[in-house]
1. Between a residue in the range B:28-39 that is within 14 Å of A:Phe109 (Cβ to Cβ) and any residue that is buried (at least 17 other Cβ atoms within 10 Å of the Cβ), which pairs come within a Cβ distance under 6 Å, given they are 6 or more apart or on different chains?
2. Can you find a residue that is closer than 30 Å to A:Val34 by Cα and at pLDDT below 90 anywhere in the range A:176-184?
3. Of all residues in the range A:231-245, which are surrounded by fewer than 17 Cβ atoms within 10 Å (Cβ to Cβ), in a helix (DSSP H, G or I) and at the interface with another protein chain (Cβ under 7 Å from one of its Cβ atoms)?
4. Residues that are within 10 Å of chain B (Cβ to nearest Cβ): find the helices (runs of 4 or more DSSP H) completely inside the range A:1-86 holding 3 or more of those.
5. Just to be sure before I move on: is B:Phe10 closer than 30 Å to A:Val61 by Cβ, at the interface with another protein chain (Cβ under 7 Å from one of its Cβ atoms), assigned to a loop (DSSP other than H, G, I, E, B) and at pLDDT 85 or above in the structure I sent?
6. Only one of A:Ala127, A:Ala97 is within 14 Å of chain B (Cβ to nearest Cβ) and either in contact (Cβ under 8 Å) with a residue 40 or more places away in the chain or surrounded by 24 or more Cβ atoms within 10 Å (Cβ to Cβ) (or both); which?
7. Quick one: count up the residues across the range A:69-87 that are more than 28 Å from B:Leu28 (Cα to Cα), buried (at least 23 other Cβ atoms within 10 Å of the Cβ) and touching a Phe, Trp or Tyr at 6+ places or on another chain (Cβ under 9 Å).
8. B:Arg54 - would you say it is closer than 26 Å to A:Ala64 by Cα, assigned to a helix (DSSP H, G or I), under 28 Å from the mean Cα position of the chain (by Cα) and of a type in the set (D, E, K, R)?
Amino acid sequence: MWAFINKLRSPKWFYAISARLQPWFWALAAILIVTGTVWGLAFAPADYQQGNSFRIIYVHVPAAFLAQSIFVSMAVAGFVFMVWKIKVADMAATVMAPLGAAMTFVSLFSGAVWGVPTWGTWWMWDARLTSMLILLFLYLGVIALRGAFSSRDSGSRAASVLAMVGVINIPIIKYSVEWWYTLHQPATFTVTGRAAMPTEMWVPLLIMVLGFYSFFIALTLMRTRNEILRRESNKRWVRELAQET
Amino acid sequence: MMAFNSIAEFIAMGGHAPYVWSSWGVTLFCIVALAWHARFERRQLMNSLKRRERRERAREQQNAVPTSFQSVVERGQHDT
């Protein structure tokens, strides 16, 4: 166990192992997202109440899932960095933030657009909508805080702390639809019990969700590798790598 | 079985075209842009690392020239 953790500490080891994992996640992401897009847009039946505007669910829900999962991942990476001083964890947290912010923006945007034909309004200070907006600000705060220090280590620590504190917003987002049921509908997927949709509607949704998660893993691996090259550029193994290719 | 009978019907999305296509457009644009940016970032980093290696190797060679040049000069002086 400790040998494994010590390996994880080494950016060189991470660089090598991620090179082998990366192509699989890119391929998986591409296959799942293309399949889910074709299925969700052209083959899934229209909703009997909402008609075809319901197809927005296939981008809205996966983006919202990722927005929250990425924040939790970022907080966990921040914790790992603070406790065990693992640099790779901080690099992963660094590259996760912009993707999380983008996914939060996508879920807010698609939700607002979807709200116009469905609720008759693009925005309301509903608990779910507000807590998602706070999530976007938290992401932007983490990104800004990281860049606000002249020393990288101070920036990393501050960003880690904000991510760990901000993660309290995630259960608030999750339960907001139950605690304050004003506008947003409750969860489509639940761990226990049946999905609140017919099979031919939720299978493409599941495919899209898995595709988005694969994309998150693939992009994080690739950009963490980039971050390693950037931060470790003076290490001998990186210099040898540049000589080889 | 498709949910639409024609391409035109598919594009119209039962009157919800602006909502459906703008949401999907923004989402897929973000995903493609993020993937493209990661690839661009990698290429730039690799190129700058390689450039630095080439520059350092060139400098090593340049540094090597004056010493040998100097020794030639010294030998030359020695001859006269």
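1. Pairs that qualify, where the first residue is within 14 Å of A:Phe109 (Cβ to Cβ) and the partner is buried (at least 17 other Cβ atoms within 10 Å of the Cβ), are B:Cys30/A:Ala102; B:Cys30/A:Val106.
2. Within the range A:176-184, one or more residues are closer than 30 Å to A:Val34 by Cα and at pLDDT below 90.
3. Scanning the range A:231-245 gives A:Arg239, A:Gln243.
4. The helices (runs of 4 or more DSSP H) meeting that bar are A:11-38, A:57-84.
5. So B:Phe10 does not fit the description; no.
6. The conditions single out A:Ala97.
7. 0
8. Here the answer is no, as B:Arg54 does not meet what is asked.
The values are calculated or read from the model by the stated rules, or taken from the named source; none is laboratory data. These numbers were taken from a predicted model, which means no experiment stands behind them. Positions of Cβ are backbone-derived with ideal geometry, glycine not excepted, and every protein chain shown enters the neighbour counts.
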